[in-house]
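Take a look at the structure set out below.
The values are calculated or read from the model by the stated rules, or taken from the named source; none is laboratory data. The model shown is predicted, which means the values in this text are computed figures rather than measured ones. Glycine gets a Cβ as well: all are built from the backbone with ideal geometry, and neighbour counts include every protein chain shown. Quick note on the areas: whole protein, heavy atoms, side chains included, nothing else; ligands and nucleic acids left out. Shrake-Rupley method; radii C 1.70, N 1.55, O 1.52, S 1.80 Å.
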Amino acid sequence: MIRAIDIFKSFGEQDVLKGITTEFYPAQTNLIIGRSGAGKTVLLKLLVGLLAPTSGKVFYDDVDFFALNKRQVRAIRMKVGMLFQASALFDSMTVEQNVRFPLDMFTNMTRKEKLDRVNYCLERVNLHEVNDKFPSELSGGMQKRVGIARAIVLKPKYLFCDEPNSGLDPKTAILIDELIRSITMENNITTVVNTHDMNSVMGIGDNVILLYNGEIAWRGDRDQVMESDNEVLQNFIFASPFLQQLRDSAIKK
Amino acid sequence: MFLKNFLFHLGRYVIMMRTAFYRPERVSMYYKETMRQMNDIGIGSLLIVALISIFIGAVTAVQFSYQLDGTLVPTYYIGYIVRDSTIIELAPTITCLVLAGKVGSNMAAEIGGMRQKEHIDAMEIMGVNTAGYLIMPKVVAALFVIPMLVAIAAFISIMGGYVAAVPTGLMSNAEFVQGVRSFFVPYNVTMMFVKAVVFAVLLTSVSCYQGYYVEGGSIELGKASTNAVVFSDILILLADYVIAVLLTG
C-alpha cells in the first residue's frame, strides 16, 4: 500500500498540490484522474520520488519515503516499476536490451536466466519476435508494451503508469488497460495510473481520485462514477458537447 | 546576481560530480559503457584531430620560416619551434578545444535528450545512480583517451611541420631533424599530458553538466549544447594559463 499524507507542492508562487491525502491499495488499479494541469503528473512524480514535496509525507507500506537515505531509497526503487507516457525506452538499445537493463544492473542472474525472464515478460505483454528490434521500429502500442515488460521485469511491488493510453487508438488503449489490470491482480501489485481517459476509468478504475486545482475533488470507484452528482466529476466526464448531448438525451428519455 | 548564479551552478556541479563517483551498482555495466565511450571519443575523433594537427604543424613551420627569414637565427630552429610549440601548447589546447566542439556538444545533446525523453527519470526509478552511469564512464574514458589523442596530435603536427617545410624547400631534411632533436626537455611532454588530463576532465564534466540539467524543449537543448562548448572552451583556456603559470614558475 502507498499512502500520501497532506502533500503540498509549490513551484515558486504557484501551489500545484494543496493537501493531498489518499491511499493506493495493492491488487487494485488506483487511478488519478483530472484535467490537464490539475496536478496529476506532479503527484505521480512525488509518489515515485522524482520530486520532493513542499510538505507532507509518502509512505510505502510503513516506510516514510522522504525520510530515507539514498541507499534506502534505491532499495525501495528496486521494488518500483514505471511506465512513462512516451515509454522512455532507450533508443540505442534493442527491445531485449531495454527489458534486460534492470536485470543487468541489479541482479546476479546468468545470461540464460535473464533471457528467460525477458522472454517471459515480453510474452506476458503479448510481444513475440521483437527482441532484436529497436524502439523506433515499433508502433506506439508496442512501445508501451515493451515499457510494461521493462517495468515488471524485476517483479515490482509497486507499478506507476503515467498516461499509459496517450497517443493510442481506443482499441489498443483498452488492451493496455487490461494488461495493466491483469498484471496488477496476478502479482498483487499496488498500481497507480495517471490518466484522463474515461474508458480507463470505467474499465479499470478500482480506486479513483479526481484532482481539481491541486485538491481531491472526488474519490470512489468505477461503479460510483456515473451515480455521483459531484459537479466537478460531471464536468470532467461530460466535457465534450457530444457527451453532453448524449447525457441530455438520456435524461429526456 | 551573477555571483549568486555562479555559486548555484558551481555547487550543483560539485554535487553532480560527487554523485557521479559513488560506487557503481554493477562494475561490468559501467565498464561496458566506458569502453563504448572510449570508442566514441577516441576512434570517433581521430580523423578530425589528425586533420587539424597536420595543418597546425604545417602553419607553424611556414609562419616561423617567414619570421626567421633574414635573421641570424639558424634555419633548423624551425624544427625545434614546431616541436616545442606543438608539445607545450598547440597539441593539448587546440585538440581539446576541437574536442569540446565535437565530443562536448555531443555529450550535452545526448544526456540532454535523455533528460527530455524521460530516460534519466526511468533509470532513476529503477534505482540507477544516473549521474554515475551517464557521467562517470564519459569522464573516465576521456581521461584515458584524450591524452592519447593529444600525443597522436603532437606527433602528426610535427609531421605536418616536416611536410610543409622540407618538400617545399624551406629547409633541408637534415636541418628539420636536427631542429626536432635539439634542446629536448622531457618535462615539456609531462606538461602536455598534465594539460590533456585537466582539459579532458573539464570538457567532459562541463558538457555532461549542461546536458544533465537541461530543462524545456529543443531550444533549451540547443542552448545546452552551445553552452557546453562555450564554457568548456573558456575553462580550457583559463586552465591552460593556470597550468602554464604553475608548471613553468
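Data overview
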item: The one condition in (1) within 14 Å of chain B (Cβ to nearest Cβ); (2) of a type in the set (S, T, N, Q); (3) more than 21 Å from A:THR190 (Cα to Cα) that A:SER87 fails to fulfil; result: (3)
item: Filtered residue count, segment A:54-78, keeping only those that are open to solvent by 20 Å² or more (accessible area, probe 1.4 Å), at the interface with chain B (Cβ under 9 Å from one of its Cβ atoms) and either in contact with a strand residue (DSSP E or B) (Cβ under 6 Å, 6 or more places away or on another chain) or touching a residue at least 40 places away in the same chain (Cβ under 8 Å) (or both); result: 1
item: Residues within segment B:74-113 that are surrounded by fewer than 23 Cβ atoms within 10 Å (Cβ to Cβ) and within 14 Å of chain A (Cβ to nearest Cβ), tallied; result: 4
item: Test: residue in segment A:204-225 that is outside any strand (DSSP E or B), under 16 Å from A:CYS121 (Cα atoms), open to solvent by less than 70 Å² (accessible area, probe 1.4 Å) and in contact (Cβ under 8 Å) with a residue 24 or more places away in the chain; result: no
item: Single residue of segment B:13-29 satisfying the filter (open to solvent by less than 50 Å² (accessible area, probe 1.4 Å) and aliphatic (A, V, I, L, M)) that is nearest to the other protein chains (Cβ to nearest Cβ); result: B:MET29
item: Top-ranked residue of segment A:92-113 - restricted to ones that are acidic (Asp, Glu) and either open to solvent by less than 70 Å² (accessible area, probe 1.4 Å) or within 16 Å of B:TYR133 (Cα to Cα) (or both), ranked as farthest from the other protein chains (Cβ to nearest Cβ); result: A:GLU96
item: Odd one out for A:CYS161, checked against (1) assigned to a helix (DSSP H, G or I); (2) at pLDDT 90 or above; result: (1)
item: Count of segment A:150-197 residues which are over 14 Å from the mean Cα position of the chain (by Cα) and open to solvent by less than 10 Å² (accessible area, probe 1.4 Å); result: 1
item: Among (1) among the aliphatic types (A, V, I, L, M); (2) open to solvent by 50 Å² or more (accessible area, probe 1.4 Å); (3) within 24 Å of B:MET35 (Cα to Cα) - the single one B:LEU238 does not satisfy; result: (3)
item: Hits in segment A:125-144 - residues which are under 18 Å from the mean Cα position of the chain (by Cα) and either part of a helix (DSSP H, G or I) or touching a residue at least 60 places away in the same chain (Cβ under 8 Å) (or both); result: A:GLY140, A:GLY141, A:MET142, A:GLN143, A:LYS144
item: Residue check, A:ASN119 more than 12 Å from chain B (Cβ to nearest Cβ), within 24 Å of the chain's Cα centre (by Cα) and surrounded by 15 or more Cβ atoms within 10 Å (Cβ to Cβ); result: yes
item: Near pairs, Cβ below 7 angstrom, 6+ apart or cross-chain, from segment B:231-249 (modelled with pLDDT of 95 or more) to any residue that is surrounded by fewer than 18 Cβ atoms within 10 Å (Cβ to Cβ) and of a type in the set (D, E, K, R); result: none
item: Inter-residue pairs, beta-carbon under 9 Å, first closer than 14 Å to A:GLU96 by Cβ and free of Cβ contacts under 8 Å to residues at least 24 places away in the same chain and in segment A:145-156, second hydrophobic (A, V, I, L, M, F, W, C) and surrounded by 24 or more Cβ atoms within 10 Å (Cβ to Cβ), 6+ apart; result: none
item: Residue satisfying all of: in segment B:205-229; part of a helix (DSSP H, G or I) and open to solvent by 70 Å² or more (accessible area, probe 1.4 Å); farthest from B:PRO137 (Cα to Cα) among these; result: B:ILE219
item: Some residue of segment A:101-109 being assigned to a helix (DSSP H, G or I), of a type in the set (S, T, N, Q) and at pLDDT 90 or above; result: no
item: Near pairs, Cβ below 6 angstrom, 6+ apart or cross-chain, from segment B:103-129 (more than 25 Å from B:VAL145 (Cβ to Cβ)) to any residue that is hydrophobic (A, V, I, L, M, F, W, C) and open to solvent by 10 Å² or more (accessible area, probe 1.4 Å); result: B:ASP121/A:LEU50; B:ILE125/A:VAL80; B:ILE125/A:MET82; B:GLY127/A:MET78
item: Boolean, A:ALA88 is at positive phi and either surrounded by fewer than 23 Cβ atoms within 10 Å (Cβ to Cβ) or outside any strand (DSSP E or B) (or both); result: yes
item: Residues of segment B:148-174 satisfying the condition of being among the small types (Gly, Ala, Ser) and surrounded by 15 or more Cβ atoms within 10 Å (Cβ to Cβ); result: B:ALA151, B:ALA153, B:ALA154, B:SER157, B:GLY160, B:GLY161, B:ALA164, B:ALA165
item: Looking only at segment B:126-147, and only at residues there that are crowded, with 23+ Cβ neighbours inside 10 Å and within 8 Å of chain A (Cβ to nearest Cβ), the one that is nearest to A:LEU89 (Cα to Cα); result: B:MET126
item: Residue within segment A:37-46 that is modelled with pLDDT of 90 or more, outside any helix (DSSP H, G or I) and within 13 Å of chain B (Cβ to nearest Cβ) present; result: no
item: Breaking point among (1) closer than 21 Å to A:VAL42 by Cα; (2) without any contact (Cβ under 8 Å) to a residue 60 or more places away in the chain, for A:VAL193; result: (2)
